[in-house]
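Taking it in order: structure first as structure tokens, then the write-up.
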Amino acid sequence: MEIRRKLNLNEGDKILFIKRENGEIVINKASAMAFLKAQKAFAGVAEKAGIEDEDQVQILIDEVRYGKDSK
């Protein structure tokens, strides 16, 4: 139970065992690893698209959800 608490795991959560180059075995919550992978994939995308703040992100989301003409 202590290990679950330290890793913030609930019953039924998926875990990953990762072996690092130095032989160390790391245990991580699978959903956390998926989030980190997605975060790395999107790194720098906002800057390339010219998005500078959260308001511009919301505008982009609204355009995708409701179309460019909705305001």
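So Lys37 clears everything in (1) in a helix (DSSP H, G or I); (2) at pLDDT 90 or above except one condition, right? Which one? The number of the failed condition is (2). Filtering region 50-59 to residues that are within 19 Å of the chain's Cα centre (by Cα), loosely packed, with under 13 Cβ neighbours inside 10 Å and not acidic (Asp, Glu) leaves only Gln58.
In region 11-34, the qualifying residues are those that are among the polar types (S, T, N, Q) and either assigned to a helix (DSSP H, G or I) or touching a strand residue (DSSP E or B) at 6+ places or on another chain (Cβ under 7 Å) (or both), and the one that is nearest to Val57 (Cα to Cα) is Ser31.
The values are calculated or read from the model by the stated rules, or taken from the named source; none is laboratory data. This is a predicted model, so every value here is computed, not measured. Note: ideal-geometry Cβ built from the backbone for every residue, glycine included; neighbour counts use all protein chains shown.
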